[in-house]
C-alpha cells in the first residue's frame, strides 16, 4: 500500500463513522466496466455498486442528461409540478405494467413506502382492525437499514442495540410456500419478499416459488410485494426478476440502477387499488421526484431498452455461470445466480471471503463478499465476454493459490 493510499484511508477512518470496513483501495475515476485508483491502477468492476452502476461508470448519455438538467433545474419542492417527473413515471409504469408510481430516493425509502401503502390498504380496503395489520417477511432478508426494516431482519448484527423495534411483522423461511400459507391470518396485509436474496448470499429460490406465493396471496386477499431494488431493471436477464416466474406482484420496489449510477433514485410501483390509499399530506419526500433525479431516471430506463442491456445481461449471465461451473476447485462449495447476479460460495477453511477479495484486487478485479462465505459477482450489464474471461481467469488463479497454500501448510 502506497503512502498516498494509506493517507486517504487513515483520513477517512479518522473522520468517518466506522460503519464500513472497506477493502484497501482508493478509487477516483471510472469508465464503462473499469475503475482506477489514485495510483493509476486499473480494475475490472465486478460489483457495480451492488447493481447501482448497471449501465457502466459515467455512461455518456447519462452524463449528458445529468449536466443538461443540472444546468436548467435541479430541485424544486413537490408543492409544485415539474416538467421531468411525469415522463419519468409514465415510462416506468409502462415498462413494468403498473398503474402508478411513488418516487423516492434510496432503496429503503421505497421499502418503507411499500410498507406504509400495504398497511393503509389493509385498513381501508381489507378492513383489518386498527393497529392489527401484519406483514410477512422472510428470514435472511435484506431490505435496508432503517429502524423499521432492521427490526424484521434475522441478522443479529443489523439489530443488536438498535431496538425497540416496530411490531406487525412475522418472519417465515425463504423459499417455503407452505410456510407462507400457514402464516397468513385475517390480519395479514402483505408478503414482502426478494425474488433472489442478494445480501443474504445470492440465494435463488426454486423455480415456481414466486408463482406459488402469488397464488397463495391472491387466494387470501394479501398483497404480494417484491423488493426488486437489486434484482430489477435487467440484472437477472429480465426487466424484473419476478417475471422469470411469470408473476406480476401487487407492488414492486425499484432503486439502485434506476439512478443510472449517477444519483439515488427509487420508487414504489403498484396498481390503483393500492396507490389510491395515499392522499395529499400523508407521505412525501423533499428530494423524491425532483427534476434532476427524474430526468436521469428516465434516461436510465431509456438506455436500458435502447441498448438491449436486459437481453445482454441474460446472455452474459448464462455464459459466466457456465464458465464458473466448469471451474474445478475444492474451495468452491456452490455456484448460484441468475443473469448477472452471481455468487460463489467458498469453503472458509481455505480462505475467508474478505481475503479472497483482497487478493482479487491485486489481480485487477473488484468484488465483495456476503457473510464472509460468498463471493459476489454483479458487474455492469454492459460487460463483454473478454471482460468475463479476464475476471474468471483471475478467480481461477486465486482459487489455485489458496488451495496450494493450504496443501503447503498441511
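The values are calculated or read from the model by the stated rules, or taken from the named source; none is laboratory data. Small disclaimer: the values here were computed from a predicted structure and weren't measured. Glycine gets a Cβ as well: all are built from the backbone with ideal geometry, and neighbour counts include every protein chain shown.
When you check residue 77 against the structure, is it at positive phi and in contact (Cβ under 8 Å) with a residue 60 or more places away in the chain, yes or no? Spell out how you get there, then give the answer.
Values: at positive phi: no; in contact (Cβ under 8 Å) with a residue 60 or more places away in the chain: yes.
No.
Inspect the range 332-339 for any residue being out of contact with any helix residue (DSSP H, G or I) (no Cβ under 8 Å at 6 or more places or on another chain) and in a helix (DSSP H, G or I) and give the result as yes or no.
no
Only residues that are crowded, with 21+ Cβ neighbours inside 10 Å, part of a loop (DSSP other than H, G, I, E, B) and in contact (Cβ under 8 Å) with a residue 60 or more places away in the chain: list them for the range 240-249, please.
240
Check the range 112-121 and report whether any residue there is over 19 Å from the mean Cα position of the chain (by Cα), assigned to a loop (DSSP other than H, G, I, E, B) and modelled with pLDDT of 95 or more.
No - not one qualifying residue is present in the range 112-121.
Would it be correct to say that residue 115 is in contact with a helix residue (DSSP H, G or I) (Cβ under 8 Å, 6 or more places away or on another chain), surrounded by 15 or more Cβ atoms within 10 Å (Cβ to Cβ), touching a residue at least 12 places away in the same chain (Cβ under 8 Å) and within 22 Å of residue 254 (Cα to Cα)? Break it down stepwise before answering.
Working: in contact with a helix residue (DSSP H, G or I) (Cβ under 8 Å, 6 or more places away or on another chain): yes; surrounded by 15 or more Cβ atoms within 10 Å (Cβ to Cβ): yes; touching a residue at least 12 places away in the same chain (Cβ under 8 Å): yes; within 22 Å of residue 254 (Cα to Cα): yes.
When the stated conditions are applied, residue 115 passes them.
Okay, residues lined up against (1) in a strand (DSSP E or B); (2) modelled with pLDDT of 95 or more; (3) in the same structural domain as residue 157 (by TED's automatic domain parsing); (4) buried (at least 18 other Cβ atoms within 10 Å of the Cβ):
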{"residue": "186", "(1), (2), (3), (4)": "no, yes, yes, no"}
{"residue": "189", "(1), (2), (3), (4)": "yes, yes, yes, yes"}
{"residue": "200", "(1), (2), (3), (4)": "no, no, yes, yes"}
{"residue": "205", "(1), (2), (3), (4)": "no, yes, yes, yes"}
{"residue": "210", "(1), (2), (3), (4)": "no, yes, yes, yes"}
{"residue": "213", "(1), (2), (3), (4)": "no, yes, yes, yes"}
{"residue": "221", "(1), (2), (3), (4)": "no, yes, yes, no"}
{"residue": "231", "(1), (2), (3), (4)": "no, yes, yes, yes"}
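Within the range 10-33, take every residue that is within 26 Å of residue 310 (Cα to Cα) and under 20 Å from the mean Cα position of the chain (by Cα) and give me the one that is surrounded by the fewest Cβ atoms within 10 Å (Cβ to Cβ).
If we filter the range 10-33 for residues that are within 26 Å of residue 310 (Cα to Cα), which is where we start, we get 29-33.
Right, trim to under 20 Å from the mean Cα position of the chain (by Cα) and you get 32-33.
On the way: 32: 19, 33: 23.
The qualifying residue surrounded by the fewest Cβ atoms within 10 Å (Cβ to Cβ) is 32.
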